[in-house]
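A quick write-up on the structure given underneath.
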Amino acid sequence: MYTTLISAEELQALLAERKPLRVFDCSFDLMQPLTGKQKYLEAHIPGAVYANLDTDLSAKHGARGAHGVLTAQEGEDQPASGGRHPLPNREKFAAWLSSVGFSNDMQAVVYDRNGANYCGRLWWMLKWAGHEAVAVLDGGLQAWQAAGGPLASGEEASHFQTNFALGAEKAVLLDAATVAAGLNRASQTIVDARAPARFRGEVEPLDPVAGHIPGALNRPFSQNLGEDGKFKSAEQLKAEFDALLAGRDPAGVVHQCGSGVSAVPNLLAMEIAGLGRTGLYAGSWSDWCSDPARPVATGQ
C-alpha cells in the first residue's frame, strides 16, 4: 500500500502487474478553470480519470455567489466546509468515487502537472473518506514522462459503477469556529501555505479581504519541492518544519491557504517527514475573511 508518495517507476510496476488501481489526473488552473480538462485531453497517463477541482472535488453543482464563493444550490445537501472550494459532504464524494469505478480494494494514485498544487486535494479527501491506500505521484506528469511513461489523449472509456463504502475518517477537518477558539493557545499553530505577499496582505487577487489569521506562520507550499519538482527528502522536510515550528508541538498544526487546496502539500510534507497527520482548515482564508467579526492580521 502506498500512502504518501509513489514514484513514476513504482506506478509503472503496479500497472504492469495489473494491481487493483485507479489513477486520477487533477490538473487545474484557478484563473482558467477549463484549462485543466483541456490539458488532460491533450495528454494524460493511460486510463487516468480526470478529477475536476470545481465540480468533482468541491461541492457539486455549486454556483459562484458573492465574492466568487461556491455555494450549494437550493435543495442540495450542505457542503462539509465553507470557502471558495467547499468540500462536498462525504456521501456526495463517495457517490462520485462510485461513479468513476473506484472501489475500496483499489490503490489510488493522484497527480497533476502543477507542482502537486491540486492533486493533494484528492489525496486528502480519500483519507477523509476512510481510504488509506492513496499516494501522490512524486513529480507529477513531468516525472512520468521523464521516466518514459506512455501518454494517452482524448476521453477514456467509462468505468463500471461501483459501491464505494465510506470508512472512519482518517483525516482531521477543522472549521472556523474551532480555529477561532484556538487562537492565542499554545496547543494550536496555524500554517498558511499562500505566497508571502498574500500572507502579508500586500496583494489579494482572489478574496475580498487581504491579510492572514492572527498568529499564523507562513510556509508557501512550493517550498516542499526540490528543483526537480519532487518532494524534498524526509530529513530535509523535517529540518525545515522543525525550524518553522521552533519548538511548537507538530500535533497542534492546522494547515490553511486560500481555499483549502494548496495547504495540503504542507500537510503531506509533514507526514512524509514523520511528523504525523495534522489538521486541515478546509475553508481557509476565503472562509475566514467572509465574516467581518473575525480578526485579521497583516505584515509578518
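Scanning region 9-47 for residues that are surrounded by fewer than 20 Cβ atoms within 10 Å (Cβ to Cβ), part of a loop (DSSP other than H, G, I, E, B) and not charged (D, E, K, R) turns up PRO20, MET31, GLN32, PRO33, LEU34, ALA43, PRO46, GLY47. Of all residue pairs spaced 6 or more apart or on separate chains, those with beta-carbon atoms under 7 Å, a first member in region 18-45 that is assigned by TED's automatic domain parsing to the domain that holds GLY101 and in contact (Cβ under 8 Å) with a residue 60 or more places away in the chain and a second member that is part of a loop (DSSP other than H, G, I, E, B) and of a type in the set (S, T, N, Q) are SER27/ASN114; PHE28/ASN114; GLY36/SER27; GLY36/ASN52; LYS39/SER27; LEU41/SER153; GLU42/SER153; ALA43/SER153.
Picking from residues in region 132-167 that are part of a strand (DSSP E or B) and assigned by TED's automatic domain parsing to the domain that holds CYS119, the one that is surrounded by the most Cβ atoms within 10 Å (Cβ to Cβ) is LEU137.
Inside region 204-239, can you point out the residues that are aliphatic (A, V, I, L, M) and assigned to a loop (DSSP other than H, G, I, E, B)? Result: LEU206, VAL209, ALA210, ILE213, ALA216. The single condition from (1) basic (Lys, Arg); (2) touching a strand residue (DSSP E or B) at 6+ places or on another chain (Cβ under 6 Å); (3) assigned by TED's automatic domain parsing to the domain that holds GLY82 that ARG219 fails is (3). For region 117-140, the set of residues classified as out of contact with any strand residue (DSSP E or B) (no Cβ under 6 Å at 6 or more places or on another chain) and among the small types (Gly, Ala, Ser) consists of GLY120, ALA129, GLY130, GLY139, listed by residue number. A single entry from PHE231, PHE241 fulfils the requirement of being farther than 26 Å from LEU30 by Cα, surrounded by 16 or more Cβ atoms within 10 Å (Cβ to Cβ) and in contact with a strand residue (DSSP E or B) (Cβ under 9 Å, 6 or more places away or on another chain): PHE241.
Here's the yes/no breakdown for (1) closer than 22 Å to LEU122 by Cα; (2) in contact with a Lys or Arg (Cβ under 8 Å, 6 or more places away or on another chain):
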site	(1), (2)
GLU202	no, no
PRO220	yes, yes
PHE231	yes, no
VAL253	yes, no
LEU267	yes, yes
GLY283	yes, no
SER286	yes, yes
VAL296	no, no
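Inside region 240-280, residues that are in contact with a helix residue (DSSP H, G or I) (Cβ under 8 Å, 6 or more places away or on another chain), of a type in the set (A, V, I, L, M) and either more than 21 Å from GLY139 (Cα to Cα) or in a strand (DSSP E or B) (or both) make up a count of 4.
Residues that are in a loop (DSSP other than H, G, I, E, B) and free of Cβ contacts under 8 Å to residues at least 60 places away in the same chain were ranked within region 170-198; the one that is surrounded by the most Cβ atoms within 10 Å (Cβ to Cβ) is ALA195.
The values are calculated or read from the model by the stated rules, or taken from the named source; none is laboratory data. All of these numbers come straight from a predicted model, not from anything done at the bench. Because the Cβ atoms are built from the backbone with ideal geometry, glycine has one as well, and the counts that use them run over all protein chains shown.
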